[in-house]
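To keep things clear, I will list the structure first and then write my remarks on it.
Derivation of every value follows stated rules applied to the coordinates shown; laboratory data play no part. These numbers come from a predicted model, not from an experiment. Every residue, glycine as well, gets a Cβ built from its backbone with ideal geometry; the counts of neighbours run over all protein chains shown.
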2 protein chains.
Amino acid sequence: MAKKNAFYAQSGGVTAVINASACGLIETARKNRDKIGKVYAGRNGIIGALTEELIDTSKESTRAIASLRHTPGGAFGSCRYKLKSIEESRAEYERLIEVFKAHNIGYFFYNGGGDSQDTAHKVSQISDAMGYPITCIGIPKTVDNDLPITDNCPGFGSVAKYVAVSIREAAFDVASMAKTSTKIFVLEVMGRHAGWIAAAGGLAAEKEGDAPHIILFPEIVFNEEKFLNRVKRSVKKYGYCAIVVSEGVKNRDGKFLAEAGGTDAFGHAQLGGVAPYLAELIKERLDYKYHWAVADYLQRAARHIASKSDVEQAYALGKAAIEMALQGKNAVMPAIIRTSNKPYRWKIGEAALADVANVEKMMPRDYISRNGFEITAACREYLLPLIKGEDYPPYKNGLPQYVTLKNIAVPKKLQKGFKVL
Amino acid sequence: MAKKNAFYAQSGGVTAVINASACGLIETARKNRDKIGKVYAGRNGIIGALTEELIDTSKESTRAIASLRHTPGGAFGSCRYKLKSIEESRAEYERLIEVFKAHNIGYFFYNGGGDSQDTAHKVSQISDAMGYPITCIGIPKTVDNDLPITDNCPGFGSVAKYVAVSIREAAFDVASMAKTSTKIFVLEVMGRHAGWIAAAGGLAAEKEGDAPHIILFPEIVFNEEKFLNRVKRSVKKYGYCAIVVSEGVKNRDGKFLAEAGGTDAFGHAQLGGVAPYLAELIKERLDYKYHWAVADYLQRAARHIASKSDVEQAYALGKAAIEMALQGKNAVMPAIIRTSNKPYRWKIGEAALADVANVEKMMPRDYISRNGFEITAACREYLLPLIKGEDYPPYKNGLPQYVTLKNIAVPKKLQKGFKVL
């Protein structure tokens, strides 16, 4: 039988290192040209498979592919698109098979978070349900760090590093200004459901008095009085107060604080911005001058301050995906297994997609201090290795040199189009 | 006559490199122990002089002082406090002399922006007006880049680099997501009066289609229709639109856009956040999904991505301040003189404080494109050298190692206190 081509796609919110996984995968496939054909990337994730918009990665130079290792974002485009079950959405799966057949695709690699692993799992069921042989491997990726089994998720370590570095730096600033000006700094970070990213801010606090003085987690119901007391205490004791807040913090009615705001210029309920909300609350109640920042995409795109562990793991997982496929494995996801904390050691293990799909790993309650405003020693021990090491991209003219691929389309072979959007 | 001690203070908003100037100054003073006594730093700027809260920098180790070169914020504390004229505020100047006399201070070094150079200039007039001999040297610092005579201001180059790197990275992210999700990204940056920082974002756009696609400058009155048309055009042409907006952008009534918003949760006019305002405007009118970020202090504290030119110049200016003082110069500010663009070369020149005080350097109109949304080639030529080179701080456990000085107080010699706040 002729060797089969591979399909690779990026899915969901992108990260500073998802392209490092693409790099590991494509480089490893190229080293195994005798066993695996071309790697076709989906333009904009799985949508590219459905619409037959495939990118021929073999047209990219060795150097361009190597540059993916240090390029943020998703080089082939990503998407937020979840496949329903085979029963509910048979037409989509039939279309996938049609496209795979037309392009001799025998491997399906899907690089994403929880929803994407669920999609990968469903695609893996095509073999049985629809009689099309496909080797299906998920590759973990999510800044939310919420996939089960894997010790951590590629993308998270770099956001964690960005947040810890940023709150440390901003705190040096506000500490300088506090005597006559700004006393409060609030940094809003991602994390709708779990406080992993906010927790990472806590790594900056290495000794008594270090920022952040307060972390607000989505896991802990916001208590205004306790919060304000702690702000006041921090200002009294240290002269200022630096706060990291997760966008997902909720009040006791289960509403996002960010939505407890007023109305915007268009008369809508004010969207987003738990940081400005808290800053104004502090001003209103304690009359301290404030500054606030919302990092948003900057945090997950910040390849310039990526964690070296994170880059290495992202690459290793892409590489492992090809190796597993060539070993005949199917319906699995390579995972990070931590084998030692001090020194930090890890290896690649394996998770069944069935065990990964639709399972969300929450932050253990014992990672948050009893008062609800700090991380514990256990949390620090878990997080610290994930931000270790720097992996700077190359610079030219003062700017990081990121690659934009040529992304040359594979000629379409099917007559019919397919509407997904 | 016994050698005199020096007073050094940091003033106004701090930067990623103001401590590099402190480092240059203290290290150079230490090399000239035969001519200059101790360097006393003002705790929280000039306030430290008024309240006799002096810090004895001679108690800091060589290593700690060297670490200032890579530490953001103001190591001795800064302040927003402007001295009035000698006529208006005689008591303050008399107090300064009293403190200087008590501590044998013959040199006054003031590290700050426009207001601070004005203060330095006024202090330099003590000699004549009040008969106290004092050598007075200003050291430029401001992220706003608005001091005259000096080609650029330390602190600006590093913010510029941060903004250019950040918009480039975020644009890689949004470009990946644009097909099915976010099409708009708005990054709000500092600059109430001048668009220097927003302009720096333009450095990220090296070729057609590169982000940022739109820059909004405080120098250009906001035109909603022209702006929205350009957003639409960018999305049509490139699939997405990345915007850098200065916090100081105003509408035709001269109001900050940030204030044209609605009301906050406390019923106040919504403060800050021109980024969310624009994002909502785009959503309302064009129905594109958006993300926005407000960098705030992160941008001026981001020592981890400081510009090497900026660090070198900040250090050189601190060093030059001591050298000028020892050469008997007075009432001057060392300044950056650009001697060549390609290759970029600069040297230290000299500006009279009288010529610096109260003069604001605006961005030349020909640095902004005719359409008002981009920078010109002339602007790029001016800005590019300022972000050149990287100067990474040392890291430990994944985090930059910034120094916190011991800041040991000089024992007070005066009976009387002085109330400034």
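What dipole magnitude, in Debye to the nearest 20, does chain B give about its Cα centre under +1 on Lys/Arg Cβ and -1 on Asp/Glu Cβ?
Numbers: 57 positive and 45 negative charges, 191 e Å.
My answer is approximately 920 debye.
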Binning at 10 angstrom from zero up to the longest distance, how are the C-alpha pair distances of region A:239-396 distributed in percent?
8, 22, 31, 23, 13, 3, 0
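What FRET efficiency would be calculated for the residue pair B:Lys35, B:Ser61, taking the C-beta separation as r and a Förster radius of 30 Å, to the nearest 0.05?
Working: r = 22 Å, r/R0 = 0.74.
For B:Lys35 and B:Ser61, the calculated efficiency is 0.85.
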Leading residue at positive end of dipole, region B:323-405 (Cβ point charges), from B:Gln401, B:Ala354, B:Ile368
B:Ile368
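Mind sorting A:Glu224, B:Glu323, B:Glu53 by how few other Cβ atoms lie within 10 Å of their own Cβ, fewest first?
On the way: A:Glu224 13, B:Glu323 17, B:Glu53 22.
Listed from fewest to most nearby Cβ atoms, that is A:Glu224, B:Glu323, B:Glu53.
Kirkwood-based Rg over Rh for region B:272-311 (C-alpha set), two decimals?
On the way: Rg = 15.1 Å, Rh = 12.3 Å.
That ratio is 1.23, to two decimals.
How high is the relative contact order of chain B? Use alpha-carbon pairs under 8 Å, at least six apart in sequence, and give a whole percent. Write down the numbers at each step before the final one.
Values: 957 pairs, mean separation 96.9, N = 421.
Across chain B, relative contact order equals 23 percent.
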So what are the radius of gyration and Dmax for the Cα set of region A:62-186, in Å?
21.5, 72
Residue among A:Ser85, A:Ser307, A:His291 farthest towards the positive dipole end of the protein assembly as shown, charges placed on Cβ
A:Ser307
Taking a label point 7 Å from Cα toward Cβ, how far is B:Lys3 from its twins in the other copies, in nm, shortest first?
7.4
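Can you tell me the dipole magnitude for region B:112-211 around its Cα centre, using point charges on the Cβ only (Lys, Arg +1; Asp, Glu -1), in Debye to the nearest 20?
On the way: 8 positive and 12 negative charges, 51 e Å.
The dipole of region B:112-211 has a size of about 240 debye.
How well do other chains shield peptide B:75-83, expressed as the mean number of their Cβ atoms within 10 Å of each residue Cβ?
Details: counts 3, 1, 7, 8, 6, 6, 3, 0, 0.
What the average comes to for B:75-83 is 4.
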Can you compute the radius of gyration and Dmax for region A:116-264, using only the Cα atoms, both in Å?
20.2, 72
Filter B:Lys122/B:Lys361; A:Lys283/A:Lys361; A:Lys406/B:Lys179 down to the pairs with a C-alpha to C-alpha distance above 28 Å, please.
A:Lys283/A:Lys361
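When Cβ neighbours within 10 Å are restricted to other protein chains, what is their mean count per residue of peptide B:397-410? Kindly include the intermediate steps, with their values, before the conclusion.
On the way: counts 9, 18, 10, 8, 1, 4, 1, 5, 0, 0, 0, 0, 0, 0.
Mean partner-chain Cβ count within 10 Å for B:397-410: 4.
Go ahead and run the numbers for FRET between B:Asn371 and A:Asn371, Cβ-Cβ distance against an R0 of 45 Å, rounding to 0.05.
On the way: r = 54 Å, r/R0 = 1.19.
For B:Asn371 and A:Asn371, the calculated efficiency is 0.25.
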Dipole of the protein assembly as shown, Cα-centred, from +1 at each Lys and Arg C-beta and -1 at each Asp and Glu C-beta, to the nearest 20 debye?
1640
So what's the back-of-envelope 222 nm ellipticity for chain A, counting only DSSP H runs of four-plus at -39500 (n - 2.57) apiece and dividing by all residues, rounded to 500?
-10000 deg cm²/dmol
Interchain or sequence-distant (5+) residues whose placed amide H lies within less than 5 Å of the amide H of A:Lys250 are A:Phe222, A:Leu257
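Relative contact order for region A:90-159: what is it in percent, counting Cα pairs under 8 Å that are at least 6 residues apart? If you can, show how the numbers build up before the last one.
Details: 89 pairs, mean separation 19.1, N = 70.
About 27 percent, as a whole number.
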Kyte-Doolittle mean at least -0.5 and Cα axial length at least 30 Å: DSSP H helices in chain A:
A:156-177
Let me have the relative contact order for region B:169-224, percent, based on Cα pairs under 8 Å that are six or more residues apart.
27
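Just to be sure I understand: if I project the alpha-carbon convex hull of chain B onto a plane and average over all orientations, what area do I get in nm²?
On the way: hull surface 91.0 nm².
Quarter of the Cα hull surface area: 22.7 nm².
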To the nearest whole number, what is the average tally of beta carbon atoms from other chains within 10 Å of the beta carbons of peptide A:281-288?
2
Largest-first ellipsoid semi-axes for region B:1-90, taking √(5λ) over the Cα gyration tensor eigenvalues, angstrom
23, 18, 10
Could you state the orientation-averaged shadow area of the convex hull built on the Cα atoms of the protein assembly as shown, in nm² to one decimal?
35.9
